[in-house]
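Here is the structure we will look at.
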Amino acid sequence: MSLDAAACAPAVASLGDEAAEPAPAPMSEAELSALMCSRICHDLISPVGAVGNGVELMQEIAPEMTEELGLIGDSARAAAAALEFHRIAFGAAAPGERIAVQRLRRIVEERFARDRARIEWDCGASEAEAGRAAARLLFDMLLVAVGALPRGGRITVTAEFAPGGAASLAVTAGGGPTRLPENARAWLDGAPAPRPAPAEVHYPLTRINALACGARLSHEASAESLALRAEVPAESSPAG
């Protein structure tokens, strides 16, 4: 007995539909850029760290070069701290990923150890963990605050992290004159504004990353102070 190919076609198509997986959602330019940043920081952090380790070894072998090697070592440590900070501030945020608050504090202290602004940290229990998206937004807010104090001052970081990725974030800058770029408020609000320069990219990125995690972002600025606040909701459960 022969089979009619036309009669079998609907059944074959039905089997194909059941086996096919749903197409992934299109990737935005912001998501692709974050993945590229993560990749670059990941590839560079190991060789930069190796330079620092090599300098320490050379200082033991050639103590007469302590001053010169010290300068190289300081630069290597500064580069490693910047890469680790930017990997969180600009890199991709995987859903469900958590980062210890103590680690965040260490990264911030190392990144801004040479900055004019003094950072005070109040982020709850030392054993607390932050959702990756909340940590990224907090670091973006820190960049805005540090940039607002060109002559130095005091930055206070206050944050509460809850299970599920929810967080309440506040970053304030004061203790010195504060200054923002001409279009900073527009970038933070998502209002029409010219494209930022490379040194200003963290302003629109702060809003983009706030929207990406469903956070409510607000800011108040004057000639003497700057305050940034964000309420990050808990991460949505993946559909299954």
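The values are calculated or read from the model by the stated rules, or taken from the named source; none is laboratory data. Note that the structure is predicted; figures quoted are calculated from it, not measured. Methodologically, a virtual Cβ is constructed for each residue, glycine included, from the backbone with ideal geometry; neighbour enumeration extends over all protein chains shown. Protein only, heavy atoms only, side chains kept; ligands, DNA and RNA dropped before computing areas. Shrake-Rupley method; radii C 1.70, N 1.55, O 1.52, S 1.80 Å.
Just checking, how many residues over the range 137-196 are assigned to a loop (DSSP other than H, G, I, E, B) and either of a type outside the set (Lys, Arg) or buried (at least 17 other Cβ atoms within 10 Å of the Cβ) (or both)? Total meeting the criteria: 20.
Here Leu71 meets the list (1) assigned to a helix (DSSP H, G or I); (2) among the aliphatic types (A, V, I, L, M); (3) open to solvent by less than 50 Å² (accessible area, probe 1.4 Å) almost entirely, failing just condition (3).
Quickly run through the range 88-143 and pick out the residues that are of a type in the set (Phe, Trp, Tyr) and under 18 Å from Arg229 (Cα atoms).
Selection gives Trp121, Phe139.
Residues in the range 94-133 that are assigned to a helix (DSSP H, G or I), in contact (Cβ under 8 Å) with a residue 40 or more places away in the chain and either open to solvent by 60 Å² or more (accessible area, probe 1.4 Å) or touching a Cys at 6+ places or on another chain (Cβ under 6 Å) (or both): Val101, Ala133.
In the set (1) in a helix (DSSP H, G or I); (2) open to solvent by 40 Å² or more (accessible area, probe 1.4 Å); (3) more than 25 Å from Ala145 (Cα to Cα), the condition left unmet by His86 is number (3).
Table: residues versus (1) out of contact with any Phe, Trp or Tyr (no Cβ under 6 Å at 6 or more places or on another chain); (2) of a type in the set (S, T, N, Q); (3) more than 16 Å from Glu109 (Cα to Cα); (4) touching a residue at least 60 places away in the same chain (Cβ under 8 Å).
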| position | (1), (2), (3), (4) |
| --- | --- |
| Met141 | yes, no, no, yes |
| Ala145 | yes, no, no, yes |
| Ala148 | yes, no, yes, yes |
| Gly152 | yes, no, no, no |
| Thr158 | yes, yes, no, no |
| Ser168 | yes, yes, yes, yes |
| Val171 | yes, no, no, no |
| Gly174 | yes, no, yes, no |
| Pro177 | yes, no, yes, no |
